[in-house]
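Comments concern the structure below.
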Amino acid sequence: MENTLNESPIGVFDSGLGGISVLAQLVACMPEEKYIYYGDSANAPYGVRSTDEVKDLTFKVVDNLIKYNIKALVVACNTATSAAINELRNLYDIPIIGMEPALKPAVEKYQSKDIIVMATPVTLREKKFNNLIQQFNRPENIIKLPCPGLVELIEASGGQSEEIKNYLKNQFAPFNLANVGAIVLGCTHYIFIKDSIRELVGDSIELIDGNRGTTNHLYKLLEEQHSKNKAKVNTEIKIVNSSKDLRMLDLSKELLEKQLNLLGWSGSIKYV
Ligand code: DGL
């Protein structure tokens with residue numbers, strides 16, 4: 001039986017611009033859907049706050065998104081997922097998909113090498129991530145690299161700046177990269193600085209993120225629930241940002257289109 005929510009939008013949320021990278025992956029996979037994206041840039045970064053603060057901010061944003069009659073929610077933020085996903089799932093009766101650092105593919109592929117996980121301090125200290133590490137045979141080869149201050153630099157520039165390059169240089173200075181098989185990008189903002197990371201670490205280290213995994217998960221769920229949008233329309237996207245700085249909306253669209261280009265998607269978007 002068809003679900004009455006079919007043509008309702010999918011809500012996508014992040015502390016700021018990072019989730020735009022997830023939105024791009026969603027659009028490339030399900031262009032027939034409608035999306036509402038909420039970036040909480042006024043309150044970014046989340047990743048250096050207390051867990052309770054992250055929870056409170058997350059609940060406020062999700063309360064807001066629910067008013068748009070969303071049929072599913074993607075928490076496109078590793079930090080908010082680690083702090084609040086269980087409570088969100090208890091509160092709302094729609095499918096809620098979160099993000100977590102994509103450790104599994106990294107560990108499976110690089111059995112005898114180190115894996116560096118770049119993420120916010122909250123993501124790396126929360127129980128969710130530490131439970132995840134324990135599922136693998138060699139937890140000592142998984143190196144946590146908290147990156148406080150990096151989200152702010154990405155919010156300020158969209159990901160292209162000398163400050164970001166210098167920040168990364170300092171962060172990676174202590175490591176012997178010859179032992180590293182992969183770097184897991186455990187924060188959705190970091191997708192926008194892939195080029196700078198690549199420039200620094202060279203071509204032999206794989207950069208792995210969880211965007212495709214999250215998208216495939218949602219796709220399967222909507223299929224199972226018969227709630228995919230069957231109407232053939234242009235991709236409809238509403239972007240909302242809590243920042244008073246109106247440039248955040250333009251920057252969001254710019255980053256979305258750039259990311260879609262990188263994914264090889266060339267459809268047209270109707271911004272509403
Ligand atoms: N994009 C968020 C994440 O994936 C960044 C969190 C922050 O605002 O610090 O964790």
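The values are calculated or read from the model by the stated rules, or taken from the named source; none is laboratory data. Remember, predicted model here, so these are calculated numbers, not experimental data. Backbone-built Cβ (ideal geometry, glycine too); neighbour counts: all protein chains shown.
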Would you mind telling me which numbered condition in (1) surrounded by 16 or more Cβ atoms within 10 Å (Cβ to Cβ); (2) within 15 Å of the ligand (Cβ to nearest atom); (3) small (Gly, Ala, Ser) Ala28 fails?
(2)
Residue match in segment 211-227 (condition: small (Gly, Ala, Ser) and under 19 Å from the mean Cα position of the chain (by Cα))
yes
If the requirement is being on the phi > 0 side of the Ramachandran plot, over 15 Å from the mean Cα position of the chain (by Cα) and surrounded by fewer than 23 Cβ atoms within 10 Å (Cβ to Cβ), which of these qualifies: Asn6, Asn69, Asn64?
Asn69
Working carefully through the options Tyr46, Tyr68, find the one that is out of contact with any helix residue (DSSP H, G or I) (no Cβ under 9 Å at 6 or more places or on another chain), modelled with pLDDT of 95 or more and within 21 Å of Met248 (Cβ to Cβ).
Tyr68
From the options Leu124, Leu57, residue that is without any contact (Cβ under 8 Å) to a residue 60 or more places away in the chain and either among the basic types (Lys, Arg) or on the phi < 0 side of the Ramachandran plot (or both):
Leu57
Which of the residues spanning segment 127-159 are free of Cβ contacts under 8 Å to residues at least 24 places away in the same chain and acidic (Asp, Glu)?
Glu140
What about Ile20, is it in contact (Cβ under 8 Å) with a residue 60 or more places away in the chain and away from the ligand (no atom under 13 Å from the Cβ)?
no
Hey, any hits in segment 179-193 for a residue that's part of a loop (DSSP other than H, G, I, E, B), over 18 Å from the mean Cα position of the chain (by Cα) and either more than 16 Å from the ligand (Cβ to nearest atom) or aliphatic (A, V, I, L, M) (or both)?
no
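Scan segment 72-90 residue by residue and report those that are buried (at least 22 other Cβ atoms within 10 Å of the Cβ), in a helix (DSSP H, G or I) and of a type in the set (Val, Ile, Thr).
Selection gives Thr79, Thr81.
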Counting only residues in segment 111-124 that are surrounded by 14 or more Cβ atoms within 10 Å (Cβ to Cβ) and more than 18 Å from the chain's Cα centre (by Cα), the one farthest from the ligand (Cβ to nearest atom) is identified as Lys113
Any chance segment 190-203 includes a residue that's acidic (Asp, Glu) and surrounded by 17 or more Cβ atoms within 10 Å (Cβ to Cβ)?
no
Restricting attention to segment 32-50, and to residues there that are within 13 Å of the ligand (Cβ to nearest atom) and not in a loop (DSSP other than H, G, I, E, B), which single residue is surrounded by the fewest Cβ atoms within 10 Å (Cβ to Cβ)?
Ala42
Does Glu163 qualify as being assigned to a helix (DSSP H, G or I), of a type in the set (Asp, Glu) and either in contact with a strand residue (DSSP E or B) (Cβ under 8 Å, 6 or more places away or on another chain) or more than 24 Å from Ser15 (Cβ to Cβ) (or both)?
no
I'd like to check something: does segment 79-86 contain any residue that is modelled with pLDDT of 95 or more, under 20 Å from Glu126 (Cα atoms) and more than 16 Å from the ligand (Cβ to nearest atom)?
yes
Might you let me know whether segment 158-172 holds any residue that is within 14 Å of the ligand (Cβ to nearest atom) and within 18 Å of Ile208 (Cα to Cα)?
yes
